[in-house]
Structures are given as C-alpha cells and as structure tokens.
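Inspection log for the structure reproduced underneath, given as structure tokens.
The values are calculated or read from the model by the stated rules, or taken from the named source; none is laboratory data. In this text the structure is predicted, and so the values were computed from the model without any measurement. Here the Cβ positions follow ideal geometry from the backbone for every residue, glycine too, while neighbour counts run over all protein chains shown.
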Amino acid sequence: MLSTGALRAHLLAARLAGTVATTREESLRSYRLFAARDPRVLIGINPRGPWRQTDLLQLMAEKCGVSDDPRVTSGPDVIDPERTLSALHAFAERLANAARRGEPVLLGTGHPHPLLGFYGALADALSAAGCEVLTPAVGERVDITTRFGLRTYNLGYVRRVALVREPGARSTGGETGAHTHSPLPVRTVLDAAAKRGGPLPELVIGDHGWVCGAGQLGFEAIGLADTNDPALFVGQAEGRVSVVVPLDDAVRSDYYRPLTRYVLNRACLSQ
C-alpha cells in the first residue's frame, strides 16, 4: 500500500500540489468573475452569501493553501499538500460508505483527458462492491454556451464515466470527450434518470459542473478542484458539496494513478 509520506512526495514531484501549473493570475481572475456572478465561473452553484473577491481569497487560502495576500498577483499558484491529503482521506471515507451501503452512484467529468482513468477506476471498484453505477441519457443532446459561441454536444460514457463529445466523435484512440465546466450535462443526466423512474444517484463524483450542478440540485456530491475553481469550495462552504480535493486537475493522466491506488486502498476497495 502506498504510504501517506510516499503520496505526499508524489503530489509535490508531479506538481499536483505544492507549486502547480495554474497561475495566480488565472486564480484571481476566477475569483473576480465569481464575485461578479459570471455563470462561466459559477458552474452551477447559486451562492447564498455575498462572496466578494476578498472573501473568496480567504476561502481558497483556507481550503487550498493559496496565499491570502491580495498583493500577490503573479506567478504559479500553490496548493498545500496536507490539505490535499486530508481531503483525499475524506473522499475515500465517503466512497467506503457508498460501497458499504450499496448506493447508486453517478460519475462524470469535464476533464476527461487527464481524469478519465481516475474516475473509471472508481467506477469499476464501486461496481464490484455492489453499487449501481448509473449511465442514463446516452446520446442525448446538450447545448452549451462557450466563449466560442453555442456548441452542441452529445452525452456519452467511457468506463461508465459520463462526459460530453462533439457530434460524430467516437471513443477511439486518444478521443475521450470535451473539456467543459458546464452544469448542463449533469442536469440532463439527472433529468433523464428521473423521467425513466430512477434510480437516482445517492452520490455524484466528479469535477467542475458535474459536482456543482448536482450539489445545487440537492444531490450529495464530491470531487476534485483546482485553485481557479472556487465554485466547488463555495459549494462546500455553503453545505451543497460534501468533499472537495484541492489539486491540479490538468496534469498527465498517469500522474493520478498513485492517487487512485491510495484512495481505493483507504476505502478498502482495492481489487
């Protein structure tokens, strides 16, 4: 079993935590846009509190370990590996509870290229433990407004992990799905599950709009988030997201494999 010390070293070496590739400029821009209630950054969360930029900076310092000094405006951002490890422990505990209770679960990602393997391994392990891994709304259309205009996507699943693809795209070679922050895919999936009479997920696992969109609708959600994704941490602070693991969510896919092994071992789900 990978030790906590070995995982901490890996987090730092792979730049999943410590000094990360996400820049301070990117993070501050996201906090500014969130404070202005820009839907591109809210990604499905309708905040109850005022959440000014200074409030968000304090929250992200507490949850991620970024600098709380507003005068720090450039350079790489920082994630405290101890905060990542603590959140991974809570994440694993929630997976263990889902497996023990045989809960229906839904997994979805807006970051399929780096994170599909991580979520796919969780889906396999939860299924083997007796959880139903839900896959509703296959092929359904989702229209998402992007900075390039309105884009049409179709819902699909790879390894029982939900994602969106451009029409006509196939899961072949390196093609897995599109990058998106939108909550519309998870809303589409949950609506389809409800219309067919269930089951509905008792736990949603993912990132970006998959977590925020589900949490806003009252579904328990856990996931991963970078320093420029304040919506998940606001959702957690306001009680609509259960667990958020702070880490760089866009490094090489193989760098997440030690996290996968660590989480599954702690959840007693290793196969």
Qualifying positions in region 199-218 - over 22 Å from TYR256 (Cβ atoms), out of contact with any helix residue (DSSP H, G or I) (no Cβ under 6 Å at 6 or more places or on another chain) and in contact (Cβ under 8 Å) with a residue 40 or more places away in the chain:
PRO199, PRO201, GLU202, GLN216
Tell me, yes or no, whether region 4-11 has at least one residue that is more than 26 Å from LEU217 (Cα to Cα), modelled with pLDDT of 95 or more, under 17 Å from the mean Cα position of the chain (by Cα) and hydroxyl-bearing (Ser, Thr, Tyr).
no
Taking region 25-40 and keeping residues crowded, with 18+ Cβ neighbours inside 10 Å and either touching a Pro at 6+ places or on another chain (Cβ under 7 Å) or not in a helix (DSSP H, G or I) (or both) leaves SER30, TYR31, PHE34
Please list, ordered by residue number, the strands (runs of 3 or more DSSP E) wholly in region 57-174 having 1 or more residues that are of a type in the set (Ser, Thr, Tyr) and either over 18 Å from THR22 (Cα atoms) or at pLDDT 95 or above (or both).
141-146, 149-158
Of the residues in region 129-151, those that are surrounded by 12 or more Cβ atoms within 10 Å (Cβ to Cβ), among the hydrophobic types (A, V, I, L, M, F, W, C) and either in contact with a His (Cβ under 9 Å, 6 or more places away or on another chain) or on the phi < 0 side of the Ramachandran plot (or both) come to ALA129, CYS131, VAL133, LEU134, VAL138, VAL142, ILE144
Quick one: in region 47-56, of everything that is without any contact (Cβ under 8 Å) to a residue 24 or more places away in the chain and part of a loop (DSSP other than H, G, I, E, B), which residue is farthest from THR4 (Cα to Cα)?
PRO50
Residue in region 227-253 that is farthest from VAL186 (Cα to Cα), counting only those that are touching a helix residue (DSSP H, G or I) at 6+ places or on another chain (Cβ under 8 Å) and of a type in the set (D, E, K, R)
ARG252
Which residues, counting only those in region 62-102, are farther than 24 Å from TYR262 by Cα and of a type in the set (S, T, N, Q)?
SER67, THR73, SER74
Matching residues in region 66-95 - criterion: being within 18 Å of the chain's Cα centre (by Cα) and among the small types (Gly, Ala, Ser):
SER86, ALA87, ALA90, ALA92
Expected single match for crowded, with 24+ Cβ neighbours inside 10 Å and farther than 25 Å from ARG15 by Cα among ALA214, ALA194 is ALA214
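Say we look at region 238-271 and pick out the residues that are assigned to a loop (DSSP other than H, G, I, E, B) and among the charged types (D, E, K, R); which of these is surrounded by the fewest Cβ atoms within 10 Å (Cβ to Cβ)?
Taking region 238-271 as the starting set, the residues that turn out to be assigned to a loop (DSSP other than H, G, I, E, B) are 238-242, 247-252, 267-271.
Right, trim to among the charged types (D, E, K, R) and you get 238, 240, 248-249, 252.
Values: GLU238: 16, ARG240: 24, ASP248: 23, ASP249: 25, ARG252: 10.
Among residues in region 238-271 that are assigned to a loop (DSSP other than H, G, I, E, B) and among the charged types (D, E, K, R), the one surrounded by the fewest Cβ atoms within 10 Å (Cβ to Cβ) is ARG252.
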What's the total number of residues in region 103-135 that are closer than 24 Å to ILE43 by Cβ and out of contact with any helix residue (DSSP H, G or I) (no Cβ under 8 Å at 6 or more places or on another chain)?
6
Expected output for region 6-32 (first residue on the phi > 0 side of the Ramachandran plot, partner surrounded by fewer than 18 Cβ atoms within 10 Å (Cβ to Cβ) and assigned to a helix (DSSP H, G or I), Cβ below 6 Å, 6+ apart or cross-chain) is GLY18/LEU12
Of the conditions (1) free of Cβ contacts under 8 Å to residues at least 40 places away in the same chain; (2) of a type in the set (S, T, N, Q); (3) farther than 20 Å from ALA231 by Cα, SER74 satisfies every one except a single condition; which number is it?
(1)
